[in-house]
Amino acid sequence: MNTRMKEMQDALAFIEQNLTGELSIKEAAARAHVSEFHFRHIFTELCGLTVGEYIRNRRLTLAARELSGGAARVVDVAVKYGYDSPDSFAKAFERFHGSTPSAAKKGNAKLRSLAPLEIHLLPKDRAVTEYEITEKAALTLLGRKRKFDLEDSLDKIPAFWSEHQADGGNSIVSGMYGLCIDSDGQQFDYYIADACTPEKKAPEGYETITLPAGTWAVFPCTLGTLQAATANMWKEAAFLAEYRPGRSYNIERYFPPCREHPENSYCELWLPLQKDKI
């Protein structure tokens, strides 16, 4: 088992061991030697579901097994698996299983099951992805910020760009960059931004932020392939040799658009790196 695979398996084992208690995704990420922000992204691309969905579905799988025995009380099982009330537990249970907890107790419900995951990082699983590892100077950005959740950001960020253009925001910031910077692991701040000088004063509703000099993996793509390339970037992050994802942010770099075919406009994805000490 290679080092990266062992690290991810250690993270999964930590999750499995803590399904009935307080479960810190940050602590799980520490076992994979990446930030929570990066761990959530990498997990989704390797496993096909978010870490939140995985934890929720594993808990509901175990809860159903306990209830189907008939002896456990619904309220006790709800508390055991992290639900604040029997009502919230019952709603989540029915969404996942298609049956109520009471039906499960009676033994006449058809129940779903999600087995513990195992991650196998094999060369054949790698995306065919070109990228360059390069050093970049410190970068100061002037941007308009909005907070997003990792669960639904792919749908909501394009709407933020449309709003920015519709209300004239592109006269202040044209959108050379899209910066994703971690907020609390689950949520992140997204900036529509341009490069600026460090001393530039931000107008109302905008902020300046300076990113330090460092090492980056730069992934080329087009506007039409941006989301697929982003998924490939996070998957490739599990295979990087000598490096691993560094600080808890990443960048989309946009260049002048191709007016005849906008979907072919050139873009880059930048992922900060740090030397692998493992």
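Return the residues of the stretch 154-169 that are in contact (Cβ under 8 Å) with a residue 24 or more places away in the chain and within 21 Å of the chain's Cα centre (by Cα); say none if nothing qualifies.
Of everything in the stretch 154-169, those that are in contact (Cβ under 8 Å) with a residue 24 or more places away in the chain and within 21 Å of the chain's Cα centre (by Cα) turn out to be 154, 157, 160, 161.
Of all residues being of a type in the set (Gly, Ala, Ser) and open to solvent by 20 Å² or more (accessible area, probe 1.4 Å) in the stretch 211-270, which is farthest from residue 170 (Cα to Cα)? Just the residue, please.
The residue in question is 241.
Among the candidates 61, 129, 134, 100, single out the residue that is at pLDDT 95 or above and more than 23 Å from residue 18 (Cβ to Cβ).
134
Give the residues of the stretch 175-198 that are out of contact with any strand residue (DSSP E or B) (no Cβ under 9 Å at 6 or more places or on another chain) and open to solvent by 70 Å² or more (accessible area, probe 1.4 Å), sorted by residue number.
Scanning the stretch 175-198 gives a single hit, 184.
If residue 276 passes every condition in (1) touching a Lys or Arg at 6+ places or on another chain (Cβ under 8 Å); (2) closer than 20 Å to residue 33 by Cβ; (3) buried (at least 17 other Cβ atoms within 10 Å of the Cβ) but one, which one does it miss?
For residue 276, the exception is condition (3).
Check every one of the helices (runs of 4 or more DSSP H) wholly within the stretch 1-101 and list those with 1 or more residues that are open to solvent by 40 Å² or more (accessible area, probe 1.4 Å), touching a residue at least 12 places away in the same chain (Cβ under 8 Å) and closer than 26 Å to residue 234 by Cα.
3-17, 25-31, 36-47, 51-67
For the stretch 42-67, what are the residues that are under 20 Å from residue 120 (Cβ atoms) and aliphatic (A, V, I, L, M)?
Within the stretch 42-67, 42, 46, 49, 51 meet the criteria.
Considering (1) of a type in the set (Val, Ile, Thr); (2) open to solvent by 60 Å² or more (accessible area, probe 1.4 Å); (3) free of Cβ contacts under 8 Å to residues at least 12 places away in the same chain, say which one residue 172 fails and leave the rest.
Going through (1) of a type in the set (Val, Ile, Thr); (2) open to solvent by 60 Å² or more (accessible area, probe 1.4 Å); (3) free of Cβ contacts under 8 Å to residues at least 12 places away in the same chain one by one, residue 172 breaks only (3).
Pick from 178, 185: which is touching a Lys or Arg at 6+ places or on another chain (Cβ under 7 Å), under 19 Å from residue 40 (Cβ atoms) and of a type outside the set (S, T, N, Q)?
Result of the check over 178, 185: 185.
Those residues that are out of contact with any helix residue (DSSP H, G or I) (no Cβ under 8 Å at 6 or more places or on another chain) and either surrounded by 15 or more Cβ atoms within 10 Å (Cβ to Cβ) or within 14 Å of residue 250 (Cβ to Cβ) (or both), I need them from the stretch 131-168; list them, please.
136, 139, 140, 141, 142, 143, 145, 153, 157, 160, 161
Under 8 Å between Cβ atoms, at least 6 apart or on separate chains: pull out the pairs that start in the stretch 237-249 with a residue that is over 20 Å from residue 179 (Cβ atoms) and end on any residue that is surrounded by 21 or more Cβ atoms within 10 Å (Cβ to Cβ) and small (Gly, Ala, Ser).
240/217; 243/217; 244/237
The values are calculated or read from the model by the stated rules, or taken from the named source; none is laboratory data. Quick caveat: nothing in here was measured; it's all calculated off a predicted structure. Backbone-built Cβ (ideal geometry, glycine too); neighbour counts: all protein chains shown. The accessibility values were calculated without ligands, DNA or RNA, using every heavy atom of the protein model including side chains. Shrake-Rupley method; radii C 1.70, N 1.55, O 1.52, S 1.80 Å.
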